[in-house]
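The block underneath contains the structure these notes are about, expressed in structure tokens.
The values are calculated or read from the model by the stated rules, or taken from the named source; none is laboratory data. Keep in mind that what you see is a predicted model, and the values were worked out from it rather than measured. Cβ atoms come from the backbone with ideal geometry, glycine included; neighbour counts cover every protein chain shown.
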Amino acid sequence: MPTFHWTPLQRASREHITLRAPLGALACILLLALVLAACSNGNSASGSSNGSTITMGSGIFSGNTSITIKAGDAVTFDDSAGGPHDLVIGTGGQFVAASGAPSDLNNSDGVNFNGGDKKAIVFPNAGTFHITCKIHPSMQATVVVTT
Ligand SMILES: [Cu+2]
């Protein structure tokens, strides 16, 4: 009688073990990938923050309005010499959502600047992103993000 009960129990526990081993390895690989991704993001964001700058004047983008960066790099929007601006993804002062754009810019509220502000915005995904100002519809800049 007892042996009849032991056999299915042993079979069940063996199946459990063979299932757990590959799942554990998979979990380790996923965890490692997450840690590596977190590290590389942090490095590229801090390393590039002074490389690419778009400057704003009073009612205009001044200087270079077309910038090419790599995915994960930041563009610094320098409003040191300007006035109030409200930057969004889009054209002609109108917000138009673009998939993959930085979330701070990819909404109708946008990113607000007052004269003296300087803000770095990370572009995590490849694509061509048009940036306009809700206050000054003629303001237009383009950030091309490569992989
Ligand atoms: Cu503006």
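Every listed requirement among (1) assigned to a loop (DSSP other than H, G, I, E, B); (2) under 19 Å from SER52 (Cβ atoms); (3) without any contact (Cβ under 8 Å) to a residue 40 or more places away in the chain is met by ASN107 save one, (2). Among the conditions (1) in contact (Cβ under 8 Å) with a residue 60 or more places away in the chain; (2) farther than 18 Å from THR65 by Cβ, ASN125 misses just one, which is (1). Among the residues making up region 79-89, a single one is away from the ligand (no atom under 13 Å from the Cβ) and not polar (S, T, N, Q): ILE89.
Among the residues of region 134-141, are any surrounded by fewer than 18 Cβ atoms within 10 Å (Cβ to Cβ), of a type in the set (Val, Ile, Thr) and away from the ligand (no atom under 16 Å from the Cβ)?
No, region 134-141 has no match at all.
Here PHE113 does not fit the description of being away from the ligand (no atom under 15 Å from the Cβ) and surrounded by 20 or more Cβ atoms within 10 Å (Cβ to Cβ). Note on region 58-104: residues that are polar (S, T, N, Q), part of a loop (DSSP other than H, G, I, E, B) and either without any contact (Cβ under 8 Å) to a residue 24 or more places away in the chain or not assigned by TED's automatic domain parsing to the domain that holds PHE129 (or both) amount to 2.
Here SER103 qualifies as exposed (fewer than 15 other Cβ atoms within 10 Å of the Cβ), among the hydroxyl-bearing types (Ser, Thr, Tyr) and more than 11 Å from the ligand (Cβ to nearest atom).
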